[in-house]
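Scroll down for the structure; my scribbles are underneath it.
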Amino acid sequence: MNHPFEQRGPVKAHRRRIPHLLLYWMFLALVAASGCSEIPASNPYDPATPESQRAAGTISGILTVPGGFRRVLTEQTTRVVVYSADRRVDDGGLVDAVASAGPCSEDVDVGCIRANGAFAFNVSAGAYRLEAGGSGLNAATMIVTVAPGQQIHLGSLVLSPLDQLGSIVGDVREISPDGTPGGPVSGATVSVRGRPWGTLTDDAGHFEFEVPTGRYELDVSREGYDAPEGGPAQVETGVALPDPIFLRFRPGSIRGVVGYEPRFGWGSPA
């Protein structure tokens, strides 16, 4: 006959192993749970991803202005401002991003308006309100929604003049030091005094550009010439100047046309 205790030993040992197995599996479950909680969202292009982990987007476009307002694109008062769409402009809140007119770096185009009107912003995903404006121009406003990583090009953002436009028309000619009238002055800068409006004269010394209707003073200048005698010319939109604006050639200045000899393979002189 077997001893009664010979069958009890193995049974008790088996019962003692069960709690240890439970504790082991509970430990593994806790380790797995704690490890998962440390893994961040893995898709930066998912709108449900926390904002701090989303991919940045880009908003770009080109400011377009009337011909006589091209100089506005080089004035610091010309700006494109980006606000969060749910933020009031007049609540004193911070501006999300601003692009101001030049000077622009050759290798960085974000946050700057180039001379051709191009601008760009890097923004996080969300809805934004863009406001663009310049001297003498109505502001342009639009709402833009940017998805994570999305690049949006707005195309042309047209800025219209505040008032009805009128033309300023005239001619610039040369006068020699002894007072003898000469030929046309091409490439002269003609600008409205105190305003960022103006143009350049063509090969015939002629200029014509549009500005809001009114009376203005014109400044005319050209390298190698003295300023017109008597100060700025008085002009009125819609009324062509009856006489040319004369620039006196400055002695010692160099005039002429630079070209290339055809024998070098670069074409005839310009």
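General remarks:
- Residue 136 being at pLDDT below 85, surrounded by 13 or more Cβ atoms within 10 Å (Cβ to Cβ) and touching a helix residue (DSSP H, G or I) at 6+ places or on another chain (Cβ under 8 Å): yes
- Region 173-203: number of residues that are outside any strand (DSSP E or B) and more than 26 Å from residue 73 (Cα to Cα): 5
- For region 204-233, a tally of residues being buried (at least 20 other Cβ atoms within 10 Å of the Cβ), in contact with a Lys or Arg (Cβ under 7 Å, 6 or more places away or on another chain) and either part of a loop (DSSP other than H, G, I, E, B) or of a type in the set (Val, Ile, Thr) (or both) returns 1.
- Exclusive hit being within 22 Å of residue 70 (Cβ to Cβ) and either surrounded by fewer than 17 Cβ atoms within 10 Å (Cβ to Cβ) or at pLDDT 85 or above (or both), set 110, 98: 98
- Answer residue from region 65-95, given it is surrounded by fewer than 17 Cβ atoms within 10 Å (Cβ to Cβ) and under 14 Å from residue 130 (Cβ atoms) and is modelled with the highest pLDDT among those: 84
- Reported count of residues in region 239-259, each being surrounded by 12 or more Cβ atoms within 10 Å (Cβ to Cβ) and either modelled with pLDDT under 85 or under 19 Å from residue 183 (Cα atoms) (or both), is 8.
- For region 129-153, the tally of residues that are assigned to a strand (DSSP E or B) and more than 16 Å from residue 79 (Cα to Cα) stands at 7.
The values are calculated or read from the model by the stated rules, or taken from the named source; none is laboratory data. Predicted model only: the values in this text are computed from it and were never measured. We place every Cβ from the backbone using ideal geometry, glycine too, and count neighbours over all the protein chains shown.
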